[in-house]
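Engineer: Handing you a structure now.
The values are calculated or read from the model by the stated rules, or taken from the named source; none is laboratory data. The structure presented is a predicted model; accordingly, all values stated were derived computationally and were not measured. No Cβ is skipped: glycine too gets one built from the backbone with ideal geometry, and neighbour counts run over all protein chains shown.
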Amino acid sequence: MNLQEIIQTQIAPNLGLSPKDLILTPRRALEFQSNNLFDLRTGDLHFIVKEYLKASELESAPLHEYRALQLLSPLDVAPQPVFYDPAVGPVVVYEYLPGQMWDRKPPSDLSGMIDIWLRIQGLPIDWPSHGSDRPLSEVEDGIRQEVSVYHDWAVRNYPPGERAAEICLKLLDKHHSAFEECASLPVMPCFCRSDPRFANVIQRPDGRLGLVDWEDSGLRDPAREVADLITHPNQEDLLDWEEWQRAIDPYCRARKTLDSWFERRLHLYMAIFPLWWMSIIINRGGSQLEKLPARSVNGLPVNDRLRRYLTRAVAWPEMNFASNLEKLIDLRFFPA
């Protein structure tokens, strides 16, 4: 059955709705989106239908999202769950959460989001967040493999990119100890949002915030969560280092009282995440390198975005990398 048939024959009767009165409309996909979203309306009711597409996550992603929404329901910080049945298919239905998406707008105040993080961190769950059980040694090997593929492509197709690839490979050697140390430190995982991009933050009409897209949520190292927030391509360029420090300080202070190694792991992750994001962007699509990545990545030209990540990794252990950007201004990964 296609999605329309599933809604009419399975979901509508379960919700007590008349199939003939339902209006299903696709929503515009955002960059990096790995699912299909639809508006489902009938009368004054407005739902979101989420159809999961990744073959490797058709069982886990909808189940984890629905369980998370159920757990969060009393807190009113996420959409209210409406329907999920694994026998029907990889589809979750939840109430529409009205408001304005942050996306690429620098927020005037991050405290509302941090407050939600603090409220959910102690909720009882028993599943890992997406990808959090992958060993850091495997992550490091994956980054090196992606950069090596890009290096070989640049040698054949875009010689200026060879210099960028060689810098990346040298940085992997330099930061190998950061991967090793981070993997060796004790971790106190907690319920984390995961995928903490601003595009998943909704400014509601009454001023409160709501967070959407919980399929990746689960137990995660909170230090990794903070590093992911700061370096995510959706927003890493929207705030300077001082603004990020002020924003995350309440969360970091709370975690340090529970986890004496939190601060050190966060520092190490700030060396790892720029390399990880860089490897994803340069080889997005894997074998499709010949077609080149998108001309822009979350609003910035691809070369500018990659230079920012490379500069972060070069500057580490210093966190404020802004003064170093000019030193790599002529570096190119792809033709302009």
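Engineer: Give R163, R104 a once-over and let me know the one that is surrounded by 13 or more Cβ atoms within 10 Å (Cβ to Cβ), over 27 Å from L185 (Cα atoms) and in contact with a Gly (Cβ under 9 Å, 6 or more places away or on another chain).
Structural biologist: Only one candidate qualifies: R104.
Engineer: Is it the case that region 156-169 has a residue that's assigned to a loop (DSSP other than H, G, I, E, B), in contact (Cβ under 8 Å) with a residue 60 or more places away in the chain and of a type in the set (G, A, S)?
Structural biologist: Within region 156-169, none of the residues are assigned to a loop (DSSP other than H, G, I, E, B), in contact (Cβ under 8 Å) with a residue 60 or more places away in the chain and of a type in the set (G, A, S).
Engineer: Let me ask something else. Hey, A199 hits all of (1) more than 11 Å from the chain's Cα centre (by Cα); (2) farther than 22 Å from R253 by Cβ; (3) among the aliphatic types (A, V, I, L, M) but one; which does it fall short on?
Structural biologist: Going through the list (1) more than 11 Å from the chain's Cα centre (by Cα); (2) farther than 22 Å from R253 by Cβ; (3) among the aliphatic types (A, V, I, L, M), A199 breaks only (1).
Engineer: Quick one: is N35 farther than 23 Å from S217 by Cβ, touching a residue at least 60 places away in the same chain (Cβ under 8 Å) and not assigned by TED's automatic domain parsing to the domain that holds R208?
Structural biologist: So N35 does not fit the description; no.
Engineer: Considering only residues that are under 17 Å from L3 (Cβ atoms) and either of a type in the set (K, R) or crowded, with 21+ Cβ neighbours inside 10 Å (or both), which ones fall in region 55-65?
Structural biologist: A61, P62, E65
Engineer: With (1) buried (at least 18 other Cβ atoms within 10 Å of the Cβ); (2) out of contact with any Asp or Glu (no Cβ under 6 Å at 6 or more places or on another chain) as the list, and E180 as the residue in question, which single condition is left unmet?
Structural biologist: Every listed condition holds for E180 apart from (1).
One line per residue, one yes/no per condition, for (1) modelled with pLDDT under 90; (2) assigned to a helix (DSSP H, G or I); (3) of a type in the set (D, E, K, R):
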{"residue": "S287", "(1), (2), (3)": "yes, yes, no"}
{"residue": "A294", "(1), (2), (3)": "yes, no, no"}
{"residue": "N303", "(1), (2), (3)": "no, yes, no"}
{"residue": "L306", "(1), (2), (3)": "no, yes, no"}
{"residue": "A313", "(1), (2), (3)": "no, yes, no"}
{"residue": "S323", "(1), (2), (3)": "yes, yes, no"}
{"residue": "P335", "(1), (2), (3)": "yes, no, no"}
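Engineer: From (1) farther than 21 Å from H46 by Cα; (2) at pLDDT below 95, pick out the condition that doesn't hold for L71.
Structural biologist: Status for L71: all satisfied but (2).
Engineer: Please enumerate the residues belonging to region 126-135 that are in contact (Cβ under 8 Å) with a residue 60 or more places away in the chain, surrounded by fewer than 19 Cβ atoms within 10 Å (Cβ to Cβ) and either on the phi < 0 side of the Ramachandran plot or of a type in the set (A, V, I, L, M) (or both).
Structural biologist: D126, W127, P128, S132
Engineer: Report, by residue number, each residue of region 99-114 that is in contact with a helix residue (DSSP H, G or I) (Cβ under 8 Å, 6 or more places away or on another chain) and part of a helix (DSSP H, G or I).
Structural biologist: S111, I114
Engineer: Oh, and also: State all residues of region 145-160 that are surrounded by 18 or more Cβ atoms within 10 Å (Cβ to Cβ) and either under 30 Å from S60 (Cα atoms) or in contact with a strand residue (DSSP E or B) (Cβ under 9 Å, 6 or more places away or on another chain) (or both); if no residue qualifies, say none.
Structural biologist: Across region 145-160, the qualifying residues are E146, V147.
Engineer: Going by what's in this entry, would A227 be described as crowded, with 16+ Cβ neighbours inside 10 Å and modelled with pLDDT of 95 or more?
Structural biologist: yes
Engineer: While we're looking at this one, here's another question. Looking for something exposed (fewer than 14 other Cβ atoms within 10 Å of the Cβ) and outside any loop (DSSP other than H, G, I, E, B) - is there at least one such residue anywhere in region 75-98?
Structural biologist: Within region 75-98, one or more residues are exposed (fewer than 14 other Cβ atoms within 10 Å of the Cβ) and outside any loop (DSSP other than H, G, I, E, B).
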